[in-house]
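Student: The following block contains the structure, expressed as structure tokens.
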Amino acid sequence: MNFELSALERNHTWTLVNLLAGKKPISCHWVYRIKHKANGSIDRYKARLVARGFTQTEGLDYYGTFPPVVKITIVRLVLALATSNKWFLHQLDVDNAFLHGDLT
């Protein structure tokens with residue numbers, strides 16, 4: 001939980017503001033998960049802070065959504081390009097991903 005909170009603070013994912021009169025804050029909760037290795041032993045413990053966005057009203061609390069999900073056709077296209085151009089492919093795991101962040 002401390003790692004997740006420090007990542008959220010480090011990436012400036014929120015701004016603390018005063019709540020407007022007549023408004024209720026969106027609640028959140030922690031989701032815990034145990035990641036296992038291939039042999040079944042525990043690799044690490046994960047915690048994620050999740051906002052309960054289903055309590056929001058479109059046009060009032062938010063104005064649009066964007067799902068950051070890659071479609072399988074794009075994955076196939078990249079693999080086809082890599083194969084035809086004899087490119088080397090590398091895999092990586094993103095530890096913490098934050099949408100709409102500043103890239104340097």
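Student: How do Phe88, Phe3, Phe54 rank by accessible surface area computed with a 1.4 Å probe, from largest to smallest? If you can, show how the numbers build up before the last one.
Tutor: On the way: Phe88 180, Phe3 115, Phe54 150 Å².
Ranked from most to least accessible, the order is Phe88, Phe54, Phe3.
Student: For segment 1-61, just say rounded, prolate or oblate: build the C-alpha gyration tensor, square-root its eigenvalues into a ≥ b ≥ c, call rounded for a/c under 1.5, and beyond that prolate if a/b exceeds b/c, oblate if not. Present the calculation step by step, with values, prior to reporting the outcome.
Tutor: On the way: a/c = 3.79, a/b = 2.19, b/c = 1.74.
Note, shape of segment 1-61 comes out prolate.
Student: When the solvent-accessible surface of protein heavy atoms is calculated with a 1.4 angstrom probe, in what order do His12, His29 fall, highest first? Write down the numbers at each step before the final one.
Tutor: Details: His12 155, His29 85 Å².
Accessible-area ranking of His12, His29, largest first: His12, His29.
Student: Based on Cβ point charges of +1 for Lys and Arg and -1 for Asp and Glu, what charge dipole magnitude is obtained for the chain about its Cα centre, in debye rounded to the nearest 20? Write down the numbers at each step before the final one.
Tutor: Numbers: 13 positive and 8 negative charges, 75 e Å.
Its charge dipole is roughly 360 debye.
Student: Under the rule that an exposed site lies in a DSSP loop and has at most 11 other Cβ atoms within 10 Å, name the longest stretch of the chain with no trypsin sites (Lys or Arg not before Pro) of that kind, not counting the sites themselves.
Tutor: On the way: sites that count: Lys23, Lys37, Arg52, Lys71, Lys86.
It runs 1-22.
Student: Hey, any idea what % of the chain's accessible area is carbon plus sulfur with a 1.4 Å probe?
Tutor: Numbers: 5900 of 10100 Å².
Result for the chain: 58 percent of the exposed heavy-atom area is carbon or sulfur.
Student: For segment 36-93, what is the convex hull (Cα atoms) projected area averaged across all directions, in square nanometres?
Tutor: Working: hull surface 30.8 nm².
Mean projected area for segment 36-93: 7.7 nm², to one decimal.
Student: Using Cα atoms only, what is the angle between the long axis of helix 72-84 and the major principal axis of the chain, expressed in degrees (0 to 90) to the nearest 10?
Tutor: 30
Student: Given a cut-off of under 8 Å on Cα pairs at least six residues apart, what relative contact order in percent is computed for the chain?
Tutor: Working: 61 pairs, mean separation 23.2, N = 104.
Relative contact order of the chain: 22 percent.
Student: Separate question: List the equivalent ellipsoid semi-axes of the chain in whole Å, largest first, each obtained as the square root of 5λ for an eigenvalue λ of the Cα gyration tensor. Could you put the intermediate results ahead of the total?
Tutor: Details: eigenvalues 225, 99, 41 Å².
Whole-Å semi-axes of the equivalent ellipsoid: 34, 22, 14.
The values are calculated or read from the model by the stated rules, or taken from the named source; none is laboratory data. Not measured: the values here are computed from a predicted model. Here Cβ is always computed from backbone atoms with ideal geometry, including for glycine, and neighbour counts include all displayed protein chains. Remember, those area values only see protein heavy atoms, side chains included, never the ligands or the DNA or RNA. Shrake-Rupley method; radii C 1.70, N 1.55, O 1.52, S 1.80 Å.
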